[in-house]
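Peer 1: Take a look at the following structure, please.
The values are calculated or read from the model by the stated rules, or taken from the named source; none is laboratory data. Just so we're clear, the structure is a prediction, and the values are computed from it rather than from any experiment. Positions of Cβ are generated from backbone atoms using ideal geometry, with glycine treated the same way; all protein chains shown enter the neighbour counts.
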Amino acid sequence: MLRTPPAPRVYLLHEEKELSEPPFQGYEFDGVPATGTLRYLAALDTAKLEPGRYRLVVPLPDGENAIFREFALEEGRGSGSR
């Protein structure tokens, strides 16, 4: 499993609409021996995203809860300047 870990299901919503192909550039994982868990780090290419509000959602295994983070991209700011 450590050689080919299952990718976590991650959803990206723009203005509350799910993107069918979020521009993830990949992810890395790291084992946390003290807790017996895996930690995921994903890279998201924001230059390929339109300005607006976003929500990143990772459902938890219990099927009832999720972890989410919200962020906003403004026109002409950051690496994705247009």
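To keep it simple, each residue is scored yes or no on (1) closer than 15 Å to Arg69 by Cβ; (2) modelled with pLDDT of 80 or more.
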site	(1), (2)
Pro8	yes, no
Glu21	no, yes
Phe24	yes, yes
Glu28	no, no
Val32	no, yes
Tyr40	yes, no
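Peer 1: What tally of residues in the stretch 31-51 results from selecting those that are assigned to a strand (DSSP E or B) and more than 16 Å from the chain's Cα centre (by Cα)?
Peer 2: Residues in the stretch 31-51 being assigned to a strand (DSSP E or B) and more than 16 Å from the chain's Cα centre (by Cα): 3 in total.
Peer 1: Could you give every pair whose Cβ atoms fall below 8 Å, whose first residue belongs to the stretch 44-58 and is surrounded by 12 or more Cβ atoms within 10 Å (Cβ to Cβ), and whose second residue is of a type in the set (Val, Ile, Thr) and not in a strand (DSSP E or B), counting only separations of at least 6 or pairs across chains?
Peer 2: These pairs meet every condition: Leu56/Val10; Val57/Val10; Val58/Val10.
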